[in-house]
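The values are calculated or read from the model by the stated rules, or taken from the named source; none is laboratory data. This structure is a prediction, so every number in the text was calculated from the model and none was measured. Glycine gets a Cβ as well: all are built from the backbone with ideal geometry, and neighbour counts include every protein chain shown.
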Amino acid sequence: MSETLVAAGADASAPAAPGARRFWRRLRAQRAALAAASVVALLVLIALAAPLLTALEGQDPTTYHPDLIDSARGGVPVGPLGGIGADHWLGVEPQTGRDLFARLVYGARVSLGVALAATVLQVGIGTAVGVTAALGSRSVDQLLSRATDVIVAMPLMIMALALLAIVPAGFPRTVLVTLVIGLIGWGNTAKIVRAQTLTLKGLDHVAAARLSGWNTLQVARRELLPGLAAPVITYAALLVPMNISVEAALSFLGVGVKPPTPSWGQMLTAADVWYQAAPQYLLLPAGALFVTVLALTVLGDGVRTALDPRAASRLRVGTGRGDAGRTGKETTA
């Protein structure tokens, strides 16, 4: 994936990155990306409004309801469809009786929050390392490139499992999972940024900035970072669903977010033995994960197409519209 993004962004002869208006016009032309963006916005809204939604239901994610559990049947919820009713919109958890709707919406806060924060950390570290390697001396470039290769070669899940297992239990688990994912997963971002920065260094406007007396920091901030926006944003959009899956996997393995803090991966861990007696307990978090990852992946692909002029050109060719008409519209915009 990273090699494809580098190839897409590293052609110096490609037109400059489109402005905001052109980007939004290209993004709006993709119905799948718009639908995915709507789904992502709805999920973020649900996560932010979790306290309000649970207050409307009259429940919270941690209160046990033993009266709603049939202990004679091993802890299966009482009532049809896992105890769904006016008081519990999606039913209750087996064995504990905790409200599933409350745990699902609060779990969205954890899963999305960890993924977004880890992505910001990965992009920040990767961009800093990539730009420094490309603009530094040969020895600095070699040192940072070898360090990046080591990070990329590390198996993320194994390293995360090892680090999470040795950290004291008192450390906030959500923060720890975010740090582990962010500090281990920045290697591909650094490679993309370094490759693109090396390409941008050879352009005339960057050379002119250097000849005018600008120092390296000024050149990077004013000339290079704007050109890096498209590949970095594109890759960041693809990192978010990957990080959601990593957080869910870590929680599923029992080393991620700890109870009573709800998480979709943690809910899947507890639901693996209830898929026959209470299938909604497994299907709800699994479905939420699937929809979130799918929507973010489609949105990331749409952002890539909108930011890459060549991809947008291929998209227009596929629509069968005339080149002359398209050129006139682009000029007018």
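Residues that are closer than 22 Å to Val177 by Cβ, modelled with pLDDT of 85 or more and among the aliphatic types (A, V, I, L, M) occur at least once in the range 296-306. Within the range 144-162, identify whether any single residue is basic (Lys, Arg), assigned to a helix (DSSP H, G or I) and surrounded by 14 or more Cβ atoms within 10 Å (Cβ to Cβ), and answer yes or no. No: the range 144-162 contains no residue that is basic (Lys, Arg), assigned to a helix (DSSP H, G or I) and surrounded by 14 or more Cβ atoms within 10 Å (Cβ to Cβ).
Considering only the range 205-257, state which residues are under 30 Å from Arg173 (Cβ atoms) and of a type in the set (Lys, Arg). Break it down stepwise before answering.
Here is the first cut: in the range 205-257, the residues under 30 Å from Arg173 (Cβ atoms) are 232-233, 235-257.
Those that are under 30 Å from Arg173 (Cβ atoms) and of a type in the set (Lys, Arg): none in the range 205-257.
Select, from Thr199, Thr178, Thr127, the only residue that is in a helix (DSSP H, G or I), in contact with an Asp or Glu (Cβ under 9 Å, 6 or more places away or on another chain), over 30 Å from Pro259 (Cβ atoms) and of a type in the set (S, T, N, Q).
Values: Thr178 fails: over 30 Å from Pro259 (Cβ atoms); Thr127 fails: in contact with an Asp or Glu (Cβ under 9 Å, 6 or more places away or on another chain).
Residue meeting the stated conditions: Thr199.
Could you say whether any residue in the range 190-212 is buried (at least 18 other Cβ atoms within 10 Å of the Cβ), among the small types (Gly, Ala, Ser) and closer than 28 Å to Arg103 by Cα? No - not one qualifying residue is present in the range 190-212. Going by what's in this entry, would Ala118 be described as without any contact (Cβ under 8 Å) to a residue 60 or more places away in the chain and out of contact with any Pro (no Cβ under 9 Å at 6 or more places or on another chain)? No; evaluated as a whole, the condition is false for this residue.
Restricting the range 163-175 to residues that are in a helix (DSSP H, G or I) and over 17 Å from the mean Cα position of the chain (by Cα), the residue that is nearest to Pro260 (Cα to Cα) is Arg173. Can you find a residue that is touching a helix residue (DSSP H, G or I) at 6+ places or on another chain (Cβ under 6 Å), of a type in the set (S, T, N, Q) and at pLDDT 90 or above anywhere in the range 108-116? There is no residue in the range 108-116 that is touching a helix residue (DSSP H, G or I) at 6+ places or on another chain (Cβ under 6 Å), of a type in the set (S, T, N, Q) and at pLDDT 90 or above. Candidates Leu34, Leu42, Leu56, Leu52: the one that is surrounded by fewer than 17 Cβ atoms within 10 Å (Cβ to Cβ) and in contact with a Lys or Arg (Cβ under 9 Å, 6 or more places away or on another chain) is Leu34. When Glu247 is tested against the conditions (1) at pLDDT below 85; (2) within 25 Å of Leu183 (Cβ to Cβ), the lone failure is (1). Every condition in (1) surrounded by fewer than 20 Cβ atoms within 10 Å (Cβ to Cβ); (2) at pLDDT below 80; (3) touching an Asp or Glu at 6+ places or on another chain (Cβ under 9 Å) holds for Ala278 except the one numbered (1). Selection within the range 125-153: residues that are free of Cβ contacts under 8 Å to residues at least 60 places away in the same chain and within 20 Å of the chain's Cα centre (by Cα). The member of this set that is nearest to Val206 (Cα to Cα) is Ala128.
How many of the residues in the range 129-176 are closer than 23 Å to Gly113 by Cα and of a type in the set (Lys, Arg)? Total meeting the criteria: 1. Condition (residue is surrounded by fewer than 20 Cβ atoms within 10 Å (Cβ to Cβ), assigned to a helix (DSSP H, G or I) and under 17 Å from the mean Cα position of the chain (by Cα)) applied to the range 223-235: is it met by at least one residue? Checking the range 223-235: at least one residue is surrounded by fewer than 20 Cβ atoms within 10 Å (Cβ to Cβ), assigned to a helix (DSSP H, G or I) and under 17 Å from the mean Cα position of the chain (by Cα). Looking at Val303, is it part of a helix (DSSP H, G or I) and surrounded by 21 or more Cβ atoms within 10 Å (Cβ to Cβ)? The answer is yes for Val303. Per the conditions (1) among the hydroxyl-bearing types (Ser, Thr, Tyr); (2) assigned to a helix (DSSP H, G or I); (3) surrounded by fewer than 20 Cβ atoms within 10 Å (Cβ to Cβ), the sole criterion not satisfied by Thr261 is (2). Against the numbered list (1) surrounded by fewer than 24 Cβ atoms within 10 Å (Cβ to Cβ); (2) at pLDDT 80 or above; (3) not in a loop (DSSP other than H, G, I, E, B), Ala270 comes up short only at (2).
Restricted to the range 40-74, and to residues that are among the acidic types (Asp, Glu) and closer than 18 Å to Pro262 by Cβ, which residue is nearest to the chain's Cα centre (by Cα)? My answer is Asp60. Cβ-Cβ distances below 7 Å connect the following pairs, each with a first residue in the range 58-73 that is aliphatic (A, V, I, L, M), a second residue that is surrounded by 18 or more Cβ atoms within 10 Å (Cβ to Cβ) and not in a loop (DSSP other than H, G, I, E, B), and a separation of six or more residues or different chains: Leu68/Pro77; Leu68/Val92; Ile69/Pro77. Scanning the range 184-221 for residues that are at pLDDT 80 or above and in contact with a helix residue (DSSP H, G or I) (Cβ under 7 Å, 6 or more places away or on another chain) yields a total of 20.
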